[in-house]
Amino acid sequence: MWGNGRAVRIVTAIMLGLATLFSAHSGAEARNVTVSVGGQAIVLVIDPDQCELDRGHASDSRVYDLVERGLAGHNELLLAAADCTQIPPWRNGERPTLDDFTQVQVGLQFRTQDLKGREIQTANEICTALRQQGDALVSGPVGAVRERFNQVSDAVKLNETKFIGVVHEDPEACYASLVQRIRTEQGADKLILCVYGHVVVRGRLLYIYRFTEGESFASLLRLTELLRKSVQAHLDANR
């Protein structure tokens, strides 16, 4: 039922937006957005450092279009946001790309599936399945995760996405990570790190992604902690 093949396809699709024109509202206050997922109203929480992308803005619309074409038939994009402080210098040309952003998605096959009462069981099942994906057996002490991260980040080639594995597990959420090396329109190569969490919110399974540019294990730890806070904020907002 669960696996990382979907995640690799999705992250590859998302990465298409990194080398495109990418814009958003400025401001630093957290906001909530209510969406309907299979008839269930769910509050999505925008992290304090992030600003929601605007479909009415031409450059934002281009990113939405690229990502959603990549997700077609698999997932629905519910929310996209980017680091507010990176937006002004990016817009005026002082910054070539935006490196930190968030997305919330739902799998089309799970839109109407009610998982109320199975929150903990679902997170455990997902983590168990992800830990069985090939060589992504990084459960256990943090040293094992560090070793796996160093191995994958050193080996990943240009335009390749690699699965690091499960990097953390909470009772109600499972967290995994991937990396991809890309080349921007400016010709620079960069490693994009993604940590994504699976969490059941009001009975619906959401995928919450945090992305950053980062070559260090410290970046992975930082991103995981940011995502854990985001997941908790979603749970709190939907109690």
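The values are calculated or read from the model by the stated rules, or taken from the named source; none is laboratory data. Everything quoted here is computed from the prediction, not taken from an experiment. FYI the Cβ positions are ideal-geometry reconstructions off the backbone, even for glycines, and counts take in every protein chain you see.
List of remarks:
- Filter pass, N150 being more than 17 Å from the chain's Cα centre (by Cα) and touching a residue at least 40 places away in the same chain (Cβ under 8 Å): yes
- Elements of type helices (runs of 4 or more DSSP H) in the stretch 75-186, at least 1 residues being modelled with pLDDT of 90 or more: 119-131
- Residues that are in contact with an Asp or Glu (Cβ under 8 Å, 6 or more places away or on another chain) and among the hydrophobic types (A, V, I, L, M, F, W, C) within the stretch 81-130 comprise A81, A82, C84, L98, F101, V106, L108, I120, A123, C127, listed in sequence order.
- Test result for G187, closer than 17 Å to F101 by Cβ, of a type outside the set (A, V, I, L, M, F, W, C) and without any contact (Cβ under 8 Å) to a residue 40 or more places away in the chain: no
- One residue from R204, R228 being surrounded by 20 or more Cβ atoms within 10 Å (Cβ to Cβ), under 30 Å from N32 (Cα atoms), modelled with pLDDT of 95 or more and among the charged types (D, E, K, R): R204
- Among (1) of a type in the set (G, A, S); (2) on the phi > 0 side of the Ramachandran plot; (3) without any contact (Cβ under 8 Å) to a residue 60 or more places away in the chain, the one test that G197 misses: (2)
- Some residue of the stretch 208-223 being closer than 12 Å to Q105 by Cα, under 15 Å from the mean Cα position of the chain (by Cα) and either among the β-branched types (V, I, T) or surrounded by fewer than 20 Cβ atoms within 10 Å (Cβ to Cβ) (or both): yes
- Output for the stretch 154-198, where each listed residue is over 17 Å from R131 (Cα atoms), under 14 Å from the mean Cα position of the chain (by Cα) and aliphatic (A, V, I, L, M): I192, L193
- Lone qualifier among L53, L16, L44 - being surrounded by 15 or more Cβ atoms within 10 Å (Cβ to Cβ), in contact with a helix residue (DSSP H, G or I) (Cβ under 9 Å, 6 or more places away or on another chain), modelled with pLDDT under 55 and among the aliphatic types (A, V, I, L, M): L16
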